[in-house]
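What follows is a set of notes on a single structure, which appears directly below.
The values are calculated or read from the model by the stated rules, or taken from the named source; none is laboratory data. Here the structure is a predicted model, which is why all the values come from computation and not from measurement. Cβ sites come from the backbone with ideal geometry, for glycine too, and all protein chains shown count toward neighbours. Ligands, DNA and RNA are stripped out before the accessible areas are found, and what is left, the full protein with its side chains, is counted by its heavy atoms. Shrake-Rupley method; radii C 1.70, N 1.55, O 1.52, S 1.80 Å.
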Amino acid sequence: MMGVLFTARECSEVEYLIRRELEEILLDLGDGRIDDMVKRAMEQRYKVLFKMYSRFVTPKELSKYIRNKKYK
């Protein structure tokens, strides 16, 4: 466990970076040309980023990034 103190501006920047990465992963997971092994690694990364993102945003905002079954 690690603790970090962020200013409000830094929090919004981290939130933005994580949000962009989540969107990129969701887009790539829907791409049929990507190998299954790579997709599994992307799914693991997505889980970690999703948990991090949940600490910065409201549940309403977080619900936008809940994965659908269609991506599997």
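Of note:
- Verdict on Tyr46 being of a type in the set (Ser, Thr, Tyr) and either within 9 Å of the chain's Cα centre (by Cα) or outside any helix (DSSP H, G or I) (or both): yes
- When residues of the stretch 1-57 are limited to those that are closer than 19 Å to Asn68 by Cα and among the hydroxyl-bearing types (Ser, Thr, Tyr), the one surrounded by the fewest Cβ atoms within 10 Å (Cβ to Cβ): Ser54
- Cβ-Cβ under 8 Å pairs, at least 6 apart or on other chains, the stretch 8-26 side of a type in the set (Val, Ile, Thr), far side open to solvent by less than 50 Å² (accessible area, probe 1.4 Å) and in a helix (DSSP H, G or I): Ile18/Leu49; Ile18/Tyr53; Ile25/Met42; Ile25/Tyr46; Ile25/Leu49
- Residue in the stretch 26-35 that is at negative phi, part of a loop (DSSP other than H, G, I, E, B) and small (Gly, Ala, Ser) present: yes
- Among (1) assigned to a helix (DSSP H, G or I); (2) touching a helix residue (DSSP H, G or I) at 6+ places or on another chain (Cβ under 9 Å); (3) closer than 19 Å to Glu10 by Cα, the one test that Phe56 misses: (1)
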